[in-house]
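Single-structure report; data block below.
The values are calculated or read from the model by the stated rules, or taken from the named source; none is laboratory data. Worth saying up front: this structure is predicted, and the values here are computed from it rather than measured. Glycine also receives a Cβ, built like all others from the backbone with ideal geometry; neighbour counts cover every protein chain displayed.
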Amino acid sequence: MAIIKKQRLDKLKNKASELLNRTLDQHINLAVTGLSRSGKTAFITSLVNQLINEGNGHQLSFFDPVHHGNFIAAKRVAQKHLSVPRFDYDLAISSLTHECPEWPEPTHGISELRLAIRYQPKKSLLKYAADMATLTLDITDYPGEWLLDLPMLKQTYEQWSEQTHALLLTEPRHQYAQAFLANVAKIDPFASADEEQLAQLAKEYTQLLHTFRHELGLSVIQPGRFILPAELAGAPILEFFPFPNLSEIDGNDYQNASDDSFIGMLRARYIEYKESVVKKFYQQHFIRFDRQIVLADCLSPLNACSENSGPESFADLQLAIDMILESYSYGKSGLLARLFSPKIDKLLFAATKADHVTAEQHAPMVSLLNQLIYQSKHKLNYEAIDMKTLAIAAVKSTQSGKSLHQGQQISVIQGNRLAANNQGEKITVFPGSVPEKLPDEKYWQTSAFNFINFAPPQGLSKHQCLPHIRMDQVLQFLLADKMI
Ligand SMILES: Nc1nc2c(ncn2[C@@H]2O[C@H](COP(=O)(O)OP(=O)(O)OP(=O)(O)O)[C@@H](O)[C@H]2O)c(=O)[nH]1
Ligand SMILES: [Mg+2]
């Protein structure tokens, strides 16, 4: 009799839990973005690794569900959107934990992964219904460059051309852009378009964008898709470029230019690009995200100092962050609010690769990032979005210590220098101080910031938690409130 009663009770409990699971929010769509090389792949790999290996909790002490003992386990399950590429966790964790560890390969588009996280509800209504609840976490990785295209939605082709042309005329871009600009100047905008010539010029423009990003360390790349085209590589929709001095052309002639003239075709492709690439990304993906982490590598532009492009590279990062943040400033009158209603309620900014500097430099890193986003912060909707800034390392690759330098104890870090053959030698360095404020002219003249790329640490196992800096605080901010 007692057994039957218990079975009935369990059945009821399961039913109630099922109902509550449906009604209470037990699902998070977490989006991870940042410009290329900012550390997205390493971050997601570490986040998944921390959660699925969480057995003893010693690495995640600031993550309440682990700290308070109600975290049970997490595992990977089949992702939801079958048409979105899978985030290749296995490949990434295998290269990090290989005998000769390597950083995961660069990725070029959007990808997705789903985790089911089991926990014991302690406070929420669920505790009356179940001993165990599941939080489903969908993680999406997408290039921050794609967000740089949002401001284009507000611009006509003429406006965009004018603004982009002005950018091409400023250094350090100008010296690289001269040949391209000279080639465009040879075109009669009203002549019948030669598709091959147009494709060739678009290729030159795209090549320029790659140089800006990868050789000059600049961040404002528009259209962002051109350097990270994913499935659109080679498609004519990515074959356009800014046309200089459109304001000097007669307005009527411009408006009446046929679609098969050079200028008409460029304009048509620009319009189509906005509709079926930029808007589509927001409508298909961005709209689903509830929580967002934006990763920023603030250290590389400081290092660019040695290549004499430091100030430009840093100013460019600031502008790019401002452009990225436009995607989150969807007040009532915002462009996004008119397009659709996004629902992001938590936004975390993380300064990545904090293991490149000594521990006392982490606070300046955070204040520098705060300064970088400050310009835009006032535009963000404070009431609707909970925001936080942290300095993190997804995979801590250095050890900190003290060293004697000219009779003084200084803080240093030690790690394996990243080398082409992966046989990097062990080095001990004081990488320099991170400025707390946006660096001024004096900083660029006097400070030498020498940040070295380190190889991932040796001897890691995929069945253990990767060493990290503040990944537990990341989890606390992004997940903990859904696991009570
Ligand atoms: N020391 C250290 N280096 C890191 C860390 N995370 C990333 N890196 C370095 O930054 C590089 C880029 O990291 P990824 O995770 O591939 O960056 P991403 O944003 O996915 O880059 P794309 O796929 O090119 O967009 C790595 O190859 C490492 O050299 C970290 O936590 N510590
Ligand atoms: Mg990547």
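In table form, for the structure just shown:
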read-out: Members of segment 41-59 found to be away from ligand 2 (no atom under 16 Å from the Cβ) and surrounded by 15 or more Cβ atoms within 10 Å (Cβ to Cβ), listed by number; value: 50, 51, 52, 53, 54, 57, 59
read-out: Unique residue being closer than 20 Å to residue 398 by Cα, within 25 Å of the chain's Cα centre (by Cα) and at pLDDT below 85 when the list is 449, 454; value: 449
read-out: Any hit, segment 237-252, residues being loosely packed, with under 14 Cβ neighbours inside 10 Å and under 30 Å from residue 366 (Cα atoms); value: no
read-out: Check on residue 83, assigned by TED's automatic domain parsing to the domain that holds residue 131, within 12 Å of ligand 1 (Cβ to nearest atom) and among the polar types (S, T, N, Q); value: no
read-out: Test: residue in segment 105-124 that is within 16 Å of ligand 2 (Cβ to nearest atom), aliphatic (A, V, I, L, M) and closer than 30 Å to residue 271 by Cα; value: yes
read-out: Selection status of residue 460, touching a residue at least 12 places away in the same chain (Cβ under 8 Å), surrounded by 21 or more Cβ atoms within 10 Å (Cβ to Cβ) and among the aliphatic types (A, V, I, L, M); value: no
read-out: Every pair of residues 6+ apart whose Cβ atoms lie under 7 Å, when the first sits in segment 25-47 and is more than 8 Å from ligand 1 (Cβ to nearest atom) while the second is small (Gly, Ala, Ser); value: 26/133; 33/144
read-out: Residue check, residue 312 modelled with pLDDT under 80 and acidic (Asp, Glu); value: no
read-out: Per-region count, segment 105-123, residues within 27 Å of residue 284 (Cα to Cα) and either more than 8 Å from ligand 1 (Cβ to nearest atom) or over 14 Å from the mean Cα position of the chain (by Cα) (or both); value: 10
read-out: Matching option when the condition is buried (at least 21 other Cβ atoms within 10 Å of the Cβ) and more than 16 Å from ligand 2 (Cβ to nearest atom), among 62, 71; value: 71
read-out: Sole residue being modelled with pLDDT of 90 or more and more than 30 Å from residue 243 (Cβ to Cβ), chosen from 153, 147, 137; value: 137
